[in-house]
Amino acid sequence: MLFRHRRNPDHRRQRSLPPWRYRIAGLAAAALALSFLQTNVGNAAGERAAADAAPKAAADVVRVAEFLAECPYTHRLPDDPIVFPGLPGASHMHSFFGNDTTHASSDLASLEKGRTSCSPDTDLSSYWVPTLYDGDKEVEPTGTTFYYLGEGVSDDVIRQIKPFPRGLRIVAGNAKATGPQDNTIARWSCLHAGEVNPSQNFVNCPPGTMMESYLDFPQCWNGTDLDSPDHKSHMAYPVNGGCPSTHPVPVPKLRQVLRYPVNGDPARFRLASGPGYTMHGDFFNVWPEEEMAQRVRDCINAIIKCGFDGKP
């Protein structure tokens, strides 16, 4: 009988919990379960989003072999360090873009120490053209884009394109042309006026438009010379989608696109070299080797359209 009245020493610990404590415990368990469920759902959603994003990113890539540089006007001089090296004032007036130190005696070493107006600012190259005049007033372009392209050759040749060698010098167009038939490379057109046919001479652009100049440089190199006596024969244009055996190394096609803030009667216009069909361009390559190589590999060889930063 005495044992009936003995209390268990753990009696207080074994007493039933108050109802409010059961409610708290239940809520905590429910919250834990909900958190676990949300985590799993979130992870699954994230995986689905990542899976969906991958094909979208691939679809957004534009399959055009291209990178570019925007190089605003810097200065004017009657100099030409390719055609008249070391002879200041020996040339007609030129408008220069990119490297702002370019003058008659510029060479690779001096240009490498210069500054640039280009975006990207890693492009220290120098670009120049004969100055455009509206009557007797100089007119400088407000749009100055230099495209590096893989077009003009077949896809298998595009994948073999090599970077320009540092110090390469190229002249495109014909400053001594006596008529449109002497220059089949340069073109004039009107921005936002497609009804005006392109021409080798100046065109009559309607009010509110601008006159544009397009010039494509040769994209086949002889693999040896950075220049030549006529500043052209070390380069060649492709034939039937490939480079001729005399110039077996494909390099990017440089396309110079200049937009001048003028329109109207083309009789008002002239170049420092003469009529519109004497348009020509000079290029002195001062891209850092690694920057040029990366863009050729990732943009041109891969046939992907890239921006100023060399990325899609």
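The values are calculated or read from the model by the stated rules, or taken from the named source; none is laboratory data. Being a predicted model, the structure only gives us computed values, none of them experimental. All Cβ positions, even for glycine, are placed from backbone atoms using ideal geometry, and neighbour counts span all protein chains on display. Heavy atoms of the whole protein, side chains included, go into the accessibility calculation; ligands, DNA and RNA do not. Shrake-Rupley method; radii C 1.70, N 1.55, O 1.52, S 1.80 Å.
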Take the conditions under 20 Å from A293 (Cα atoms) and of a type outside the set (G, A, S) and apply them to V249. Does it pass?
yes
Only one of P55, P72 that is farther than 24 Å from A293 by Cβ, at pLDDT 95 or above and open to solvent by 30 Å² or more (accessible area, probe 1.4 Å):
P72
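One line per residue, one yes/no per condition, for (1) at pLDDT 95 or above; (2) under 26 Å from S189 (Cα atoms); (3) of a type outside the set (D, E):
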| site | (1), (2), (3) |
| --- | --- |
| W221 | yes, no, yes |
| D225 | yes, no, no |
| P229 | yes, no, yes |
| S233 | yes, no, yes |
| P244 | yes, no, yes |
| P248 | yes, no, yes |
| R255 | yes, yes, yes |
Taking strands (runs of 3 or more DSSP E) that fall entirely within the range 224-295, which contain at least 1 residues that are within 20 Å of P120 (Cα to Cα), basic (K, R) and open to solvent by 20 Å² or more (accessible area, probe 1.4 Å)?
253-260
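Residue-by-condition table, conditions (1) among the basic types (K, R); (2) within 18 Å of S213 (Cα to Cα); (3) buried (at least 19 other Cβ atoms within 10 Å of the Cβ); (4) touching a residue at least 12 places away in the same chain (Cβ under 8 Å):
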| residue | (1), (2), (3), (4) |
| --- | --- |
| Y133 | no, yes, no, yes |
| D136 | no, no, no, no |
| L149 | no, yes, yes, yes |
| V153 | no, no, yes, yes |
| V157 | no, no, no, yes |
| P165 | no, no, no, yes |
The condition from (1) modelled with pLDDT of 95 or more; (2) over 25 Å from N240 (Cβ atoms) that E195 misses is numbered (1)
Test set (1) under 15 Å from the mean Cα position of the chain (by Cα); (2) more than 30 Å from N263 (Cα to Cα); (3) touching a residue at least 40 places away in the same chain (Cβ under 8 Å) - D121 fails condition number
(3)
